[in-house]
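The values are calculated or read from the model by the stated rules, or taken from the named source; none is laboratory data. These numbers come from a predicted model, not from an experiment. Every residue, glycine as well, gets a Cβ built from its backbone with ideal geometry; the counts of neighbours run over all protein chains shown. Remember, those area values only see protein heavy atoms, side chains included, never the ligands or the DNA or RNA. Shrake-Rupley method; radii C 1.70, N 1.55, O 1.52, S 1.80 Å.
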Amino acid sequence: MGRYVLRRLVQSVPLLLGISVIVFAILKAVPGGPLALYESTPGITDEDIRRLEHSFGLDQPLPVQYVTWLGKFVTGDWGYSLVQHQPVLSLILERLPNTLYLMGTVFVAVLILAIPIGTITAVRQYSLLDHAVTGATFAFLSTPTFWLGLLLIIVFGLDLRWLPLGGMATAGLPFDLGDRIRHLILPATTIALVQLGARVRYLRASMLETIGLDYMRTARAKGLAESAIVIRHALKNAAIPLVTIIALDIPELFIGALVTEQIFGWPGIGRLFWDAATRTDYPILMAVLAVSSALVILGNLIADVAYGYLDPRIRYA
Amino acid sequence: MAGQAVAVAVPPAVERQRGQWRLAFERFRAHRPALAGIAVIALLAFFVVAVPVLSPYDAESPKLLEIFEPPSLAHPMGTDSLGRDLATRILYGGRVSLAVGLLAVAVAITVGTLVGMTAGFYGGWVDTVLMRTVDLVYSIPSLFLLILLGVYFRGLSVAAIILVLGLLRWMTTARLVRAQFLSLKEREFVEAARCVGARDLRIIVRHLLPNSLAPIIVTATLGVAGAIIAESTLSFLGLGIQPPTPSWGNMLMDATQDMEMAPWTAIFPGFFIFVAVVSINFVGDGLRDALDPRHVVRKEQ
Amino acid sequence: MGLLHVRGLAAIVAALTIVGTACGAPSTPSGASGAAASAATPAGGPIKGGTLVMAIWQEPANLMPHYANQTVQSVVLDAIVEGLVKTAANGDYVPVLAKELPTVGNGGVKVSADGKTMDVTYHLRPGIKWSDGQPLTSADVQFTWRTIMDDPKTAVRSGYDQITGIDTPDDLTAVVHYKSVYAAYPTRFGRLLAKHALQGIAPAELSKSDYVRKPLGTGPFMITDFKAGDSFTLVRNPYYREAGKPYLDKVIFKSVPSSAVAIAQLKAGEVQAMWNLLESESADVEKAGVHVVVTPGPSVERIEFNTAENKDGTDPNSKHPVLGDINVRRALIYATPKQQIIDKLLYGKATVGTTVLSTGWAAPKDVTQEGYDPKKANELLDQAGWVKGADGIRSKNGVRASLEITTTTGNKTREQVEQVLVEEWKQIGVELKIQNIPSAVLLSASWAANDPRKKGSLDMWMYASSPDIDPDSIIYERYYSKKIPWSGNNGDGQNYTRVNNAELDKAIEASRSTLDFDKRKAAYDTVCKVLNQEAVIDWLYNRADINGFTKNVQGVGGGNPWRVLTDNIEDWWLSK
């Protein structure tokens, strides 16, 4: 197992390098650039633009820019935003708690809801409840996140005026838990509903598979009560898909939900990325992409390892 | 996103007999949600195609005297910020959104099949290189990649958007096809074909591809739903289809500015995305049940 | 709270008088704002205290005074940082931290005998302190100049690069030596940097300092919290020079995702003010009882035509196959229904555009542009030999009159205008296709990065731009023939319409070679007139700065087209 993990980790290095090359190439091929912001400055001259280009290192040949970036990045110097001028690392750390707060809430809420719903619908397959839940999960799966967000804003924010329209807290108020929660409800619900659909479907399918397996039939043949079977055997085996979900959700926690953050004005990583993308602020884009890609790879590795640990049928070569 | 990728379960490779497709058809016919989905899509397709005949309004030219009229008999879904009939625009937008979804998946399936086929059939270093590339693209969070490509291709044509969306979703197909090929190519009938002296291309086209068709069809169907959402997300962010060409996504982007004054401009386009996507998902689900015998075993219990 | 500050009242009256003057001045066409502000002021004086939350739907990326390049940065910075001199509503310069505006008349400006160099002497107001209690001295003026020249990330150096040195004979006197006669000298030193806070940092490292987010200033407020993506908190500066001001304890700029959300929050009373309403939104907001303050600004929305062939590295002498014909350009302007656009899409909150300098001392008196007359447009095209084809689109010598228009994506008003023009121009036989790109691409100006305007790869593009109160650099960079970017000059200049006119060149040269206001004014008159004769730019409408306030926000001036709304934030107060 240790060798397997090591091999996977070693393999991920060229993967990450490849990603960074591709992303860098795309970014640099983009017309326009961070200096567009200066256009509206009265009195700016071409000389100013050229000087700024030089001071940001944008006038260097591409491979040089890339190697410079890479060399610094791996030694922990993630560079400075071309627009905000702050260290990229501190800009990310500034947003990270906000994204973790939102996505963590969603993550916990979805798990708490998905496990019982997934189990019940699997056990009571083809019951009325199963049909209703399956239909609902299908509906949420098929809803564009941004539309759901807009609908929630229209109904609960604009019409009923029950909940705030955006942001993390009422400006100017000292910390107030109730206020924080009220701001959290709409964005968290938006993401949670869409995610819940996918999670429930996945859990239900995995449970069904387990229920149909031989040893379950054996258990049934032994005359164990159905509820006991579900709890003792099926749920234990459902731990596998559960762990998979958790592991694959790790990057999600960091990446956040860009569109939802955008709609609700949530100051998270997603908005940081979006703002950077529209301004071609590439040090931020490169860093966020590198970290999130690394997390995706890590999440997959954890999922695979956990899988092997939980399911003795799988052996790693 | 990762979760949704997981939900698209991969059916195992199964060698199919002659009656297999007939059986699958029978099973599909028994899947009521899928049939309903087909009906809705057919209806939508009809309206989308027939809109020039059905609607007296122009989808693009502004009518400045009729801005933001709420839904009425003349305008069943109201008018938008330029006084254009929303229903008409939604149907024209449906042409764009549906076509982009379909074509993007066509790109994805083509690329994915070619890559998966090559990797699975030849194996060795070809396989390694191609599959590492798949891993690579998979490892970049798809929305981030979508935005980056959107930024790169921004302001470009509908064709470029189709390409972007297609390039984001070929990997699943590639993995699927490769897995199918790996398991199929050692089978007797391939061996037999090889003994007779059949060449690579012939083996692939005559024997391997037809046997991989079922999972490709399922992925493709569900992929269309995903691509429609992706297109609308991209357009919603302002990186997709550009006005005045309506698409469901850019109509929603427009609506965000007016959702208080004219909430209908936000409600209806989104509803159509939802209906289209949910219908296609139902069809995809039905197809999976029909084409994946594992489901059959379970149902027969 | 509730106290009546006699001195404060006097200041309010004074502020209103200034606004009143502005309204009377011919340079500011609308007086509605000033009147509305005074009408809303209840009896009794300003009340001290309270927190004002202002929604901003763009966000300052940083607050470094000499990096600022976004309007929203100015909105926040103007409450914090001040300079020596600023521009008043009527376009006059008024002293802020300087005791008076140095002029030739009062001996503050001395031009050398050969007429080639000049010295400007500033006397600082005594007793001014930075918000940390340190005194403001002439060394700060000198340091500001040095930093602007030495910091590689400075946005604009023009003007400062004409300075050879600054002497500080005493703490309150700064003598600025210019190596040329720099007419726009009062526009420099608009924001001072605090030497004592920055002197230990190497210029190249300045961008990494905390000052970038929390600059020091002498203004009414100081920044205590910079939460990117969320909010920017300002509290009263205890050392502010005017006793009893500012009235507000705290100002919070709250970052919101869109103007729609800002409007909803303003209507709901979640915020008391919002920056930058779109013209099209203001009517609806006014109906909801929000106090809308409209300030006509120098910003002009326009469509610029590329007169040269759009190919990489354009030869400035080449001609655009369609737009190279002045008759086509004039016809397009004739077929632009500006008034209808203003009435229907902007709800009357703008005025018809006619020229680049819409307000200020340099604004020409009687420059006009072709008014809406599609019939005339058709005639013009007929005469010029553009013949309508079967599809109704004209062509000449095998060239179809098919053009593309480009603007910034996601700007709804602009997209609406484009769509109106598609219809209108179809009527005169010109096909228009919309091809928008994000502002980061459209407005970018790098030759090396192949930016479209630089390379001349667009037919026409719509955007807004505002000249400084001294229009010298904008006129020179954009309309001088030697400023046409092409491969021959390594892409230098911003003359993107590729207008090339000898009379224009002469007038531009004249405008920048003298300190004589009357001569410069006459030169700018000619510049504007020739630009319109060449018909290279379709001036759509003069934009206004529109901001919204709840009814209890008092003292909002909003009459100064050259400044942002927070210009007089020390006078704002909240009534009960």
Residue in the range B:269-286 that is within 25 Å of residue C:256 (Cα to Cα), within 14 Å of another protein chain (Cβ to nearest Cβ) and either open to solvent by 10 Å² or more (accessible area, probe 1.4 Å) or touching a residue at least 40 places away in the same chain (Cβ under 8 Å) (or both) present: yes
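Here is a yes/no grid of residues against (1) in contact with an Asp or Glu (Cβ under 9 Å, 6 or more places away or on another chain); (2) farther than 25 Å from residue C:105 by Cα; (3) of a type in the set (Phe, Trp, Tyr); (4) free of Cβ contacts under 8 Å to residues at least 40 places away in the same chain:
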residue	(1), (2), (3), (4)
C:488	yes, yes, no, no
C:491	yes, yes, no, no
C:494	yes, yes, no, no
C:501	yes, yes, no, yes
C:510	no, no, no, yes
C:514	no, no, no, no
C:518	no, no, no, yes
C:523	yes, no, no, yes
Subset of the range B:177-191 [open to solvent by less than 10 Å² (accessible area, probe 1.4 Å) and touching a Ser or Thr at 6+ places or on another chain (Cβ under 9 Å)]: B:177, B:180, B:181, B:184
Filter result (open to solvent by less than 30 Å² (accessible area, probe 1.4 Å) and either small (Gly, Ala, Ser) or touching a helix residue (DSSP H, G or I) at 6+ places or on another chain (Cβ under 6 Å) (or both)) within the range C:300-320: C:305, C:308, C:313, C:318
Count of the range A:145-167 residues which are open to solvent by less than 20 Å² (accessible area, probe 1.4 Å), touching a Lys or Arg at 6+ places or on another chain (Cβ under 8 Å) and aliphatic (A, V, I, L, M): 0
Near pairs, Cβ below 9 angstrom, 6+ apart or cross-chain, from the range A:158-181 (free of Cβ contacts under 8 Å to residues at least 12 places away in the same chain) to any residue that is of a type in the set (Asp, Glu): A:158/B:260; A:171/C:230; A:171/C:270; A:173/A:179
Single residue of the range A:264-278 satisfying the filter (more than 16 Å from the chain's Cα centre (by Cα) and within 23 Å of residue A:152 (Cα to Cα)) that is surrounded by the fewest Cβ atoms within 10 Å (Cβ to Cβ): A:265
Extreme residue, modelled with the lowest pLDDT, among residues of the range C:466-492 that are in a loop (DSSP other than H, G, I, E, B), open to solvent by 30 Å² or more (accessible area, probe 1.4 Å) and more than 8 Å from every other protein chain (Cβ to nearest Cβ): C:490
Candidates B:289, B:258, B:254 - the one that is acidic (Asp, Glu), more than 10 Å from chain A (Cβ to nearest Cβ) and outside any helix (DSSP H, G or I): B:258
Conditions (1) within 22 Å of the chain's Cα centre (by Cα); (2) closer than 16 Å to residue C:300 by Cα: number failed by residue C:406: (2)
Cβ pairs under 6 Å, 6+ apart, first in the range C:164-190 and part of a loop (DSSP other than H, G, I, E, B), second of a type in the set (D, E, K, R): C:184/C:470; C:184/C:472
Flag for residue B:280 being at pLDDT 90 or above, assigned to a helix (DSSP H, G or I) and in contact with a Phe, Trp or Tyr (Cβ under 9 Å, 6 or more places away or on another chain): no
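Here is a yes/no grid of residues against (1) over 18 Å from residue A:259 (Cα atoms); (2) open to solvent by less than 20 Å² (accessible area, probe 1.4 Å); (3) touching a residue at least 12 places away in the same chain (Cβ under 8 Å):
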| site | (1), (2), (3) |
| --- | --- |
| B:198 | yes, no, no |
| B:214 | yes, yes, yes |
| B:227 | no, yes, yes |
| B:233 | no, yes, yes |
Identity of the residue in the range B:64-82, touching a strand residue (DSSP E or B) at 6+ places or on another chain (Cβ under 6 Å) and part of a loop (DSSP other than H, G, I, E, B), that ends up surrounded by the fewest Cβ atoms within 10 Å (Cβ to Cβ): B:69
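Yes or no, residue by residue, for (1) surrounded by 13 or more Cβ atoms within 10 Å (Cβ to Cβ); (2) among the small types (Gly, Ala, Ser); (3) modelled with pLDDT under 85; (4) not in a helix (DSSP H, G or I):
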{"residue": "A:43", "(1), (2), (3), (4)": "yes, yes, yes, yes"}
{"residue": "A:53", "(1), (2), (3), (4)": "yes, no, yes, no"}
{"residue": "A:65", "(1), (2), (3), (4)": "yes, no, no, no"}
{"residue": "A:70", "(1), (2), (3), (4)": "yes, no, no, no"}
{"residue": "A:89", "(1), (2), (3), (4)": "yes, no, no, no"}
